[in-house]
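The values are calculated or read from the model by the stated rules, or taken from the named source; none is laboratory data. If you're wondering where the values come from, they're calculated on a predicted model, not measured in any experiment. Positions of Cβ are backbone-derived with ideal geometry, glycine not excepted, and every protein chain shown enters the neighbour counts. Accessible surface is based on the protein model in full, side chains and every heavy atom, while ligands, DNA and RNA are left aside. Shrake-Rupley method; radii C 1.70, N 1.55, O 1.52, S 1.80 Å.
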Amino acid sequence: MTTFLAGGTGTPKLLWGSNEVFDPAETTVIANTGDDVFVGGSCVCPDLDTVLYSQADELDRERWWGVADDSTETHDELLARSAAAGFEAGPRYLPPEKQTDGRDLARWRRFSSIGEFMLLGDRDRAVHTLRTSLLDEGCSLTEVTERLSRAFSLDIDLLPMSDDPVASMIHTPSGAMHFQEFWVARGGEPEVTDVEFRGGENAETTDEVDEALSEPVVIGPSNPVTSIGPMLAVPSFAEALADTPVVAVSPFVGERVFSGPAAKLMRAVGEEASTVGVAASYGFADAFVFDEEDDTRLDRPVVRTDTEMSTREDAARVARAACEALDRVT
Ligand code: GDP
């Protein structure tokens, strides 16, 4: 059995080709939920969904989020009607007292659908509606994810990192905002002074996550701060990683990042924006996969390959390197 830890791009890319190396029936993927938001009352779980859609071969692989060839009629209509009613497009949090009202899972990330700030496709939205309806019926996020995995005929087991709320909050000189406001609405532009995983220290792992973390773990090349950081903020999650073999694939080649805000966020939390910083963030990791052009030296085992993943074959190559690294430490 092998367990992968996933954000919404780096690890899902690796999983694209991993089934040639790791038997899907023996693979569990734990996805980050710190990026999740409630928009118009609907629960959007971007990282869980990217794994769902990519494993079902329905992902938009240009953007690495959303359903391929999705329409956006509901989103467009929401924006048009909001504008006609005199509201500008952009993130609108529900009032502070509402952020901790009602359903716990939605804490600190409740947005209205007025001027809907995230582009949600119509077929994508149907998944969020199903998920929210099942939560309303009393299912946990783990149970909902199991149902959705069945709906998408997944071969792997997919789990949320926790059934408790953890919200990735980006602190800027003008105040804190949810990661999705920082990244989607503001294009990652604001200066970042700190990153907080609100709720993390009180969150718990589920029995399913505890079991998965008793197996060898592969951390794909996801963002160490906002994709893996929320998991490490849950005390029992971090403790479990310390006790099991862990291999991590670097999302950097030396100081170059493939995509996204990882470099800026690493600096904001006091880490080097490089492979050296990744290794420092993962003190519990037993071995690494680095790019063959990355000359970083470490005192832990390193397997080197071309880590750029543009095709399924690329992903299979990186998965083979991760398997080789695991073999060295198990
Ligand atoms: P997010 O939830 O969309 O931020 O996605 P992740 O955290 O899962 O992944 C973001 C990270 O993926 C970035 O730091 C990128 O450097 C890394 N990444 C994207 N494409 C590749 C690739 O082809 N190879 C490697 N090694 N890393 C990649």
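Basic side chains Lys and Arg get +1 at the Cβ, acidic Asp and Glu get -1 at the Cβ, and with that the dipole of the chain about its Cα centre reaches some 760 debye. Between the listed residues P96, L59, H75, the Cα displaced farthest toward the positive end of the dipole of the range 48-122, a dipole computed from Cβ unit charges relative to the Cα centre, is found at P96. Ordered from largest to smallest accessible area (heavy atoms of protein chains, 1.4 Å probe), the residues E239, E215 come out as E239, E215. Each Lys and Arg adds +1 at its Cβ and each Asp and Glu adds -1 at its Cβ; summed about the Cα centre, the range 110-194 shows a dipole of about 240 debye. Shown in residue order for the range 314-329 are the 3J(HN,Hα) couplings computed by the Karplus curve 6.51 cos²θ - 1.76 cosθ + 1.60 at θ = phi - 60°: 4, 5, 5, 4, 5, 5, 4, 5, 5, 5, 5, 5, 5, 4, 6, 10 Hz (x for Gly and Pro). With all protein chains kept in place, the per residue accessible area of the chain amounts to 42 square angstrom at a probe of 1.4 angstrom. For the chain, the carbon plus sulfur part of the accessible surface works out to 45%, probe radius 1.4 Å. Annotation note: trypsin sites (Lys or Arg not before Pro) in the range 253-313 located in DSSP loop regions with a Cβ neighbour count of at most 12 within 10 Å are R297. The angle between the Cα long axis of helix 141-151 and the longest principal axis of the Cα atoms of the chain comes to about 80 degrees, rounded to the nearest 10.
Compared with the dominant Cα axis of the chain, that is its longest principal axis, helix 122-136 is turned about 90°. Each residue of the range 276-285 was assigned a 3J(HN,Hα) from its phi angle through the Karplus expression (A = 6.51, B = -1.76, C = 1.60, θ = phi - 60°), giving 4, x, 4, 4, 5, 5, 10, x, 7, 6 Hz with x at Gly and Pro. For the residues C43, C139, a 1.4 Å probe over the protein chains yields an accessible-area ranking, largest first, of C139, C43.
Of the peptides 93-105, 183-195, 3-15, the order by per-residue mean of other Cβ atoms within 10 Å, starting with the highest, comes out as 3-15, 183-195, 93-105.
Would you work out the charge dipole size for the range 252-328 about its Cα centre, treating the Cβ of every Lys and Arg as +1 and the Cβ of every Asp and Glu as -1, and quote it to the nearest 20 debye? Don't jump to the answer; show the numbers that get you there.
Details: 10 positive and 16 negative charges, 48 e Å.
Computed about the Cα centre, the dipole is about 240 debye.
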